[in-house]
Amino acid sequence: MSNEIDFDEILSKYRSDPFDYVDVCATHTGVVRFKVAEGDSVEAPGGEWLQVPGTALYEITRERNPKRITAQTNGVVSLVRSELEGRFVEAGEKLITIRHPLKKKEIIENILKEVLYLFRAPERAKYFFALDVQSRIEKKGARAVTVEPGEEVLTMSLMKRDTPIYYSGERGVIHSVYFRPGVSVSQGEPLLGVCAPEKLPLIQKIITRVKADWDSE
Amino acid sequence: MPAITLTSGDIRRQCRHELALRSRSGSAAGAEEILRYGAFVGSAVECHSFLDRAMDYSRAHIAAMEKAGRSVHNGTVILADCLGASKGRFDRVWHAPAGGLWGCLIHANTLLTRSRGLISLAVGVACCEAVREMGAEAQVRWVNDVLVHGRKVAGFLIEGFISPCFREEYNLIGFGININNSHFPPDLRGTAIALAEALGHPLDLNLFARTFLTKLSFNLGLLYFEEERELRDEEGSAGRGGHRLLQNWRQLSDTIGRRVVYGLDVLQKPQYRAVVEGISDTGGIALRLDDGHEKTEYCGEIRYL
């Protein structure tokens, strides 16, 4: 966690380029066929249960088994590695970049992610708070709940197998919750943003400053 | 003296019977090797007259063994005639009086991530096979509920556990199977059933226990067997008609094609209605929602409509 934040520099960076550049990588090995071109607009999944898939980005075929990969974020395609069309790629190979326009709330979260300790998902699964943590949150609110290293903080649920997840970062309060109960979180995505209690004023300062300086939503 | 008196030797002997059974039914391909992979099930068996929770006891047992500088036997089975504080998923109560098969299997997690996701299915298949072998017409409802006459005869709870001293990862596979227990709390009477009630006669609890644990030995062994084939065989399981456990699950389940309600906790918070299209190669359930879109879920539960 950093104590020093150059607000002017960070805000000017977001003013000049208020976008996230989201790289889309090969989910596994296989032969790739692109479904979008540079400049195309793409949509994220929609619907009440996120049942409406996002825009198809590429198809990857392994063992005669084609799989269509769809966008998880909205934006405009800024890069397509067209030299890979019809070629075999390794898992993790960067294929596409999507330029995602940031909202004020996302800019705040992005800045906070540089300040908070991010506790990440160990596996793609659904997560919910451990019963004890949940009852403390219900009584006092998440930002009044302190978590300690080694504490059982979450339950990871996958195929009816529930695994307790123990917090492994610095002691601190739960400032940001990045998951929703019942919605899958990919491996490596942040679940919680935690900060030391003495850093809460700094966090509040960031939020106030961005809200004041940023006009649009 | 506990009413249930199972030993490791009983399970080993039952495994020989299982091998002969599978040979007769024509599903013997690799059965001996699969049972060898699953031979850890019942490597040690503890029988108790009473425990509060077999899962809690298992955690304490692992911790105590490690404190003494030892490791717990992979595949240890903890059984109790009745449980005083058993529970299901979330905060659901599980009624566990004398007459049922209640317990926990301690599995040292040596499976790859993909196979680990199939443990839940393996447990349901094992129980369904055991119930059918007793003569009842049973089906599996995704993920692993075993139903007889549309009522639940068994429930499972699988929890991960990191041991406190050696930081070993375990899967604690809790099982509760209604065998000869005849009384259910009022709110469960319409949805739960005991095997004895379904068959019209009481069963030998020890016979059922060793049958179930042997089937579990086979189906968990199958996860290791398929994993080894997958790693060795460039064609992969997709080229061979899919994972054998999933093939077996499909044969025993009546879920595919059913109209269902889905939810993470479907009793408290049902989310949406859909028709089950199939099961994915990682065990997820493919659901066709009323708006025509398809969604695959990897956790949560369903109820038939």
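The values are calculated or read from the model by the stated rules, or taken from the named source; none is laboratory data. What you see is a predicted model, and the numbers here were worked out from it, not measured in a lab. FYI the Cβ positions are ideal-geometry reconstructions off the backbone, even for glycines, and counts take in every protein chain you see.
Quick notes
- Residues within segment B:232-271 that are modelled with pLDDT under 85 and more than 14 Å from chain A (Cβ to nearest Cβ), tallied: 1
- The set of residues in segment B:252-285 that are more than 21 Å from the chain's Cα centre (by Cα) and either charged (D, E, K, R) or not in a loop (DSSP other than H, G, I, E, B) (or both) comprises B:258, B:259, B:260, B:261, B:269, B:272, B:273, B:274, B:275, B:276, B:277.
- Residue list for segment A:27-50, filter: under 17 Å from residue A:97 (Cα atoms) and not in a loop (DSSP other than H, G, I, E, B): A:32, A:33, A:34, A:41, A:42
- Any hit, segment B:50-65, residues being surrounded by fewer than 19 Cβ atoms within 10 Å (Cβ to Cβ) and touching a Gly at 6+ places or on another chain (Cβ under 9 Å): yes
- Of the strands (runs of 3 or more DSSP E) lying entirely inside segment A:108-217, the ones with 3 or more residues being aliphatic (A, V, I, L, M) and touching a helix residue (DSSP H, G or I) at 6+ places or on another chain (Cβ under 7 Å) are found at A:172-177.
- Yes/no for residue A:48 being modelled with pLDDT under 95 and either within 19 Å of the chain's Cα centre (by Cα) or acidic (Asp, Glu) (or both): yes
- Test for residue B:140: is it within 19 Å of residue B:279 (Cα to Cα), within 11 Å of chain A (Cβ to nearest Cβ) and among the β-branched types (Val, Ile, Thr): no
- When A:125, A:130 are checked against the criterion of being within 14 Å of another protein chain (Cβ to nearest Cβ), touching a Cys at 6+ places or on another chain (Cβ under 8 Å) and over 23 Å from residue A:207 (Cβ atoms), a single residue qualifies: A:125.
- Verdict on residue B:223 being in contact (Cβ under 8 Å) with a residue 12 or more places away in the chain, within 14 Å of another protein chain (Cβ to nearest Cβ) and within 30 Å of residue B:113 (Cβ to Cβ): yes
- Members of segment B:296-305 found to be within 13 Å of chain A (Cβ to nearest Cβ) and either in a loop (DSSP other than H, G, I, E, B) or of a type in the set (A, V, I, L, M, F, W, C) (or both), listed by number: B:298, B:299, B:300, B:302
- Qualifying residue in segment B:158-179 (condition: part of a strand (DSSP E or B), more than 14 Å from every other protein chain (Cβ to nearest Cβ), buried (at least 23 other Cβ atoms within 10 Å of the Cβ) and over 11 Å from the mean Cα position of the chain (by Cα)): no
- For segment A:9-53, filtered to residues that are closer than 29 Å to residue A:214 by Cβ and within 12 Å of chain B (Cβ to nearest Cβ), the residue that is surrounded by the fewest Cβ atoms within 10 Å (Cβ to Cβ) is A:46.
- Within segment B:152-187, the set of residues being farther than 18 Å from residue B:94 by Cβ and modelled with pLDDT of 95 or more comprises B:170, B:171.
- Scanning segment B:106-121 for residues that are in a helix (DSSP H, G or I) and at the interface with chain A (Cβ under 9 Å from one of its Cβ atoms) returns B:113, B:116, B:119, B:120, B:121.
- When segment A:79-100 is filtered for residues that are over 25 Å from the mean Cα position of the chain (by Cα), closer than 16 Å to residue A:56 by Cα and not in a loop (DSSP other than H, G, I, E, B), only A:82 remains.
- Any hit, segment B:2-10, residues being surrounded by fewer than 22 Cβ atoms within 10 Å (Cβ to Cβ), touching an Asp or Glu at 6+ places or on another chain (Cβ under 7 Å) and assigned to a helix (DSSP H, G or I): no
- Of the residues making up segment B:134-150, those that are closer than 16 Å to residue B:101 by Cα and in contact with a Cys (Cβ under 6 Å, 6 or more places away or on another chain) number 1.
- When residues of segment A:62-87 are limited to those that are in contact with a strand residue (DSSP E or B) (Cβ under 7 Å, 6 or more places away or on another chain), within 14 Å of another protein chain (Cβ to nearest Cβ) and loosely packed, with under 14 Cβ neighbours inside 10 Å, the one nearest to residue A:23 (Cα to Cα): A:68
- Residue satisfying condition, being away from chain A (no Cβ under 11 Å) and modelled with pLDDT of 95 or more, within set B:84, B:124, B:103: B:103
- Test: residue B:117 is surrounded by 18 or more Cβ atoms within 10 Å (Cβ to Cβ) and modelled with pLDDT of 95 or more: no
- Residue that is surrounded by the fewest Cβ atoms within 10 Å (Cβ to Cβ) [pool: residues in segment B:286-295 that are part of a strand (DSSP E or B) and facing chain A (nearest Cβ under 10 Å)]: B:294
- Figure legend. Inter-residue proximity from segment B:49-71: first residues more than 17 Å from residue B:160 (Cβ to Cβ), second residues of a type in the set (S, T, N, Q), beta-carbon distance below 9 Å, spacing 6+ or different chains. Indicated pairs: B:51/B:86; B:52/B:86; B:65/B:71; B:65/B:163; B:71/B:163.
- Residue match in segment A:184-203 (condition: within 14 Å of chain B (Cβ to nearest Cβ), surrounded by 17 or more Cβ atoms within 10 Å (Cβ to Cβ) and in contact (Cβ under 8 Å) with a residue 12 or more places away in the chain): yes
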